[in-house]
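Taking it in order: structure first as structure tokens, then the write-up.
The values are calculated or read from the model by the stated rules, or taken from the named source; none is laboratory data. These numbers come from a predicted model, not from an experiment. We place every Cβ from the backbone using ideal geometry, glycine too, and count neighbours over all the protein chains shown. Note: accessible area is taken over every heavy atom of the protein model, side chains too, but ligands, DNA and RNA are not part of it. Shrake-Rupley method; radii C 1.70, N 1.55, O 1.52, S 1.80 Å.
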Amino acid sequence: MSNVLILLGPPGAGKGTQAVRLSAALSLPHVSTGDLFRENLGKGTALGQRAKGFMDAGQLVPDELVIDMLFDRVSHSDCGAGYLLDGFPRTVAQAVALDARLGATKARAINLVVADSILVGRLTGRWTCKQCGNIHHERTSPPAKRGLCDKCGGQLFQRSDDTVEVASKRLAVYHTQTKPVEDHYGKRGQRFDVDGSQAPDQVFAAMLQWAKQGAH
Ligand code: AMP
């Protein structure tokens, strides 16, 4: 049986930041559907072109495109013993497709809970490392050298969908389409809620403890 962990929570809740740390601590590959789309965009693939309009508008990419891309990624050998999902599933249809694929293996979801009032400020000040995915924030965790990642020295970039307008739209989409995914795992006893407004180290400690407890 493999260890499949899911990070749930609204955009800006800290999924990306925590996923990088959790993936290293548990030796599980970090699989982010947002990163996979951005990679496709960067390479100019047909999939990237199809996803671009949805991403720029803060909307979800249609389920069939996301599910095919994700299932292709997790069929690689590095995911054989399990993986850590960040940004997937974002609709109940995606969750149902994942459940069907996993069969007897029950995915376990960690849900980062953060109030909307905090999220837009977090998203619009965010700077992400191109090289290692580390996330800085211009007010709460600025890099020592402007534009460069503290961890690896890589270049920091601001995501084009981290503007106030698109971030607000992404939050609205989260409430209508992704919130029900939390109930999906909650009802099945496969969800653990963590207060994502705590300091990142506290959030990480709570997640890690729970993730280790139930590992198969
Ligand atoms: P993220 O980096 O997870 O915030 O994702 C960035 C954007 O990629 C989202 O706003 C969506 O447009 C798209 N995306 C990422 N993951 C999914 C998903 N599971 N379902 C639909 N769209 C997604």
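General remarks:
- Note on the stretch 162-209: among residues that are surrounded by fewer than 16 Cβ atoms within 10 Å (Cβ to Cβ) and hydrophobic (A, V, I, L, M, F, W, C), the one that is nearest to Arg122 (Cα to Cα) is Val164.
- Helices (runs of 4 or more DSSP H) enclosed by the stretch 1-96 - at least 1 residues per element that are under 21 Å from Arg191 (Cα atoms) and modelled with pLDDT under 95: 15-26
- Which listed residue, of Thr128, Thr105, Thr178, is within 30 Å of Ser75 (Cα to Cα), of a type in the set (Ser, Thr, Tyr) and part of a loop (DSSP other than H, G, I, E, B): Thr105
- Residue in the stretch 97-112 that is at pLDDT below 95, closer than 20 Å to Pro180 by Cα and open to solvent by 20 Å² or more (accessible area, probe 1.4 Å) present: yes
- Number of positions in the stretch 72-86 that are under 11 Å from Ser23 (Cβ atoms), within 16 Å of the ligand (Cβ to nearest atom) and not hydrophobic (A, V, I, L, M, F, W, C): 2
- Within the stretch 67-88, the set of residues being open to solvent by 60 Å² or more (accessible area, probe 1.4 Å) and either under 15 Å from the mean Cα position of the chain (by Cα) or acidic (Asp, Glu) (or both) comprises Asp68, Asp72, Asp78.
- Counting the residues of the stretch 21-64 that are away from the ligand (no atom under 13 Å from the Cβ), open to solvent by 30 Å² or more (accessible area, probe 1.4 Å) and touching a residue at least 24 places away in the same chain (Cβ under 8 Å) gives 3.
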